[in-house]
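Report on one structure; see the data block that follows.
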Amino acid sequence: MSVRRAVMLLGMFVGVALTVVYLRAEQARTVARTLALEARWVDLRRELWTVQTEVARLRAPEQIHERVQRFQAALVSPVEAIESRTAPHLAARTSGR
Amino acid sequence: MARKPVSIQRVQRRWGAVVLLLLLAVFGALGARLTYINTVLRPKLLQQAQRQQHGATAIPARRGMIFDAQGRVLAASRQQPDVFIDPARVEDIDALAAQLGPLLNIPAAQIVEQVRQRPESRFIVVARGVEAVDAEAVEALRHPGVGLAERSARTYPLGSSAVHVLGFVGADGHGLEGIELTLDEHLSGRDGRRATIRDARRRPLWRAEEGSSPPVDGGHIVLTIDAEIQRLTEEQLDQTARKYSAESGVAIVVSPKTGAVLALASWPEFDPHHPQAVPPEHRRNRALTDPTEAGSTFKSFVVSGALAGGFVSTTEEINCHWGTYHVGRRLITDVHGYGKMTVQGIICKSSNIGMVQIAQRMTREALYNTIRGFGFGEATGIELPGEAPGQVYPLSKWTSYSATSLAMGYEVSVTPLQLVMAYAALANDGVLLRPRLVRALLGPDGRVVQSFDTPEVAGQAIPREWARYVCRELLAGVVTPEGSGRQAQIPGYRVLGKTGTAKLPYPNHRGYEPGAYLSSFVGAAPVSDPEAVVLMMVRKPRASEAYYGGTVAAPAVGEVLKGVLAYLEIPPDKAEALALAK
């Protein structure tokens, strides 16, 4: 075997070794990223649940009525709307009797 | 004698043999040790390695949500971590407590005390269910001796609203009451697990293939309850119960066409986040668990059976004897004295004397079958725990006074739910439906697993034409200026209904307690095509103020009906609209 061939073979072995090391390191990094993403997924699930609960609390009818009262918003409830439509009729019926 | 000189080769050979023997001995010892380690110590070391290198993190599954009919969240779960201390990794507990106390709003001395009480423990929880912002602040400390343990917490965004329907969960996250208990299996999820291989500092290094599993979230539930109607009903029940200093109260709203329970309230209510803070009787769902003698609200069923069976005609006048009437040795009285009245007048004025005479005309079998036909004496089968069937005595136990008592709603115990469903049957052309509380079961991804949209018919209580006659001619007359339920009138709609004022027995059932009444009213509207049936029962209102069902419960039922009809956008009755046009 000539020296040149020996050097080439040695270089090839070194190349394979370095590739293996690189792939192994990359695999370790990928696993670490996967683990971090999984942890993030768990955190996001937790955040989502918290936000959903908060939205649910804000959508609660009692809360909406309280806010409407607090901000004195000029909203007409369905009950008031129907009362205003039927008020003349009620007045007529009451006076008629 | 001179010694023979030793040759150098011989010395080398001898020492070479010694070194070789020593090497052999060393390798032999190493080999023996290796064999010992790989055989005798192997299980122990493997276990130790497993402990050191392998770790697992729980991935919490979420318990399913409970929605109302409009998709509002009634119950949900979220993560609220516990803060714990590992004393073995804390050098100065006083310094740590001084940092941690203000973050968790706990006195530092309390933290120190907790740790000093259990110094050998590696897991001392110092705060349970902390908010996300506090958890972040604790994490920011980056103290090796402080950690967060994930814990699922059940929250009820509507507070105490519908609490007797929803129920609550225990510390282990499983349902203990209400829908949370009945459908616990569907709601419960299964926690996942992430197995990892860790480095010397216990940091995750690699993902272990074995032992990892994803979390399986619980399924969701859609109820027939409407949070707005529930709020309206609870508001009226609360106001009424407080106004009359009542002991307790129940209110139910159902859709007569589908049997869907739109609202179910029991007063007093409680906070589902702290159920242990109230006595057990507050947690009872009285609409299902407390059968009681209904009083006059029961008269509608007796008169329905009498009309359908031909025991009385619609035009016949019955003498009500001006307020006093004897049945054997028993004296029957009316609140006001009346002369001759038709069935319509008897129901409108809620005459006991008239009703007793009607019931006496019926055969025992006809009366019994009528009562059973409306579903009394058996549980309705609603999806809630603890439902009582009530009590209808078999004919063999009837006495000569049974028909008299039944005519006035005594000697029979019914639950509020049975009563409202029986009125729903009258409003639904005589068809008795099973009450429905669950509209659909959803999977964790929100897809419908099972739907319960089809009404379940329990039977035909009375013929359609008689159901319509009773509703439109008899019960509609109760909610008129002349009727006992006049305070339930609402503008734009004709309302049907029936008042009830029942005496309450002593707890030992020996006689009736003076001044103790069950005031009730059940109403439905619009008369032409009822969309909602509302029942309110108020137990032991302060008798010095008022105790008649028409005074205590009818106004509140009217308010609930008014709100429900407006909310459901039900147009006013045609007759009323014609009157308006005139």
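The table below lists the values:
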| quantity | calculated |
| --- | --- |
| Sole exception among (1) more than 35 Å from the chain's Cα centre (by Cα); (2) in a helix (DSSP H, G or I) for B:His164, by number | (1) |
| Whichever residue in region B:543-564 is modelled with pLDDT of 90 or more and out of contact with any strand residue (DSSP E or B) (no Cβ under 6 Å at 6 or more places or on another chain) and, among such residues, is farthest from B:Gln487 (Cα to Cα) | B:Gly563 |
| Every residue from region B:448-472 that is closer than 28 Å to B:Ile347 by Cβ and free of Cβ contacts under 8 Å to residues at least 12 places away in the same chain | B:Glu465 |
| Number of positions in region B:169-212 that are within 14 Å of chain A (Cβ to nearest Cβ), out of contact with any strand residue (DSSP E or B) (no Cβ under 6 Å at 6 or more places or on another chain) and in contact (Cβ under 8 Å) with a residue 60 or more places away in the chain | 1 |
| Region B:427-447 residues that are at pLDDT 95 or above, paired with ones that are among the acidic types (Asp, Glu) (beta carbon under 6 Å, 6 or more apart) | B:Arg434/B:Glu456; B:Leu437/B:Glu383; B:Val438/B:Glu383 |
| Answer from B:Thr480, B:Thr551 - the residue that is closer than 18 Å to B:Ala241 by Cα and polar (S, T, N, Q) | B:Thr551 |
| Output for region B:422-468, where each listed residue is assigned to a loop (DSSP other than H, G, I, E, B), under 22 Å from the mean Cα position of the chain (by Cα) and not hydrophobic (A, V, I, L, M, F, W, C) | B:Arg434, B:Pro435, B:Gly443, B:Pro444, B:Gly446, B:Asp453, B:Pro455, B:Glu456 |
| Only listed residue being within 14 Å of another protein chain (Cβ to nearest Cβ), buried (at least 18 other Cβ atoms within 10 Å of the Cβ), among the charged types (D, E, K, R) and not in a loop (DSSP other than H, G, I, E, B), chosen from B:Arg63, B:Arg78 | B:Arg78 |
| Residue check, B:Asp94 in contact with a helix residue (DSSP H, G or I) (Cβ under 9 Å, 6 or more places away or on another chain) and touching a residue at least 12 places away in the same chain (Cβ under 8 Å) | yes |
| Index of the failed condition, B:Lys340 passing every other in (1) surrounded by fewer than 20 Cβ atoms within 10 Å (Cβ to Cβ); (2) modelled with pLDDT under 95; (3) touching a helix residue (DSSP H, G or I) at 6+ places or on another chain (Cβ under 8 Å) | (3) |
| Verdict on B:Leu104 being out of contact with any Lys or Arg (no Cβ under 7 Å at 6 or more places or on another chain) and touching a residue at least 40 places away in the same chain (Cβ under 8 Å) | no |
| Single match in B:Ala524, B:Ala566 (criterion: without any contact (Cβ under 8 Å) to a residue 12 or more places away in the chain and touching a Pro at 6+ places or on another chain (Cβ under 6 Å)) | B:Ala566 |
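Listed here are the residues, each with its yes/no results for (1) loosely packed, with under 11 Cβ neighbours inside 10 Å; (2) within 45 Å of the chain's Cα centre (by Cα); (3) not small (Gly, Ala, Ser).
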residue: B:Ala32; (1), (2), (3): yes, no, no
residue: B:Val40; (1), (2), (3): yes, no, yes
residue: B:Leu46; (1), (2), (3): yes, no, yes
residue: B:Gln53; (1), (2), (3): no, no, yes
residue: B:Asp92; (1), (2), (3): yes, no, yes
residue: B:Ile106; (1), (2), (3): no, yes, yes
residue: B:Val126; (1), (2), (3): no, yes, yes
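The values are calculated or read from the model by the stated rules, or taken from the named source; none is laboratory data. This is a predicted model, so every value here is computed, not measured. Positions of Cβ are generated from backbone atoms using ideal geometry, with glycine treated the same way; all protein chains shown enter the neighbour counts.
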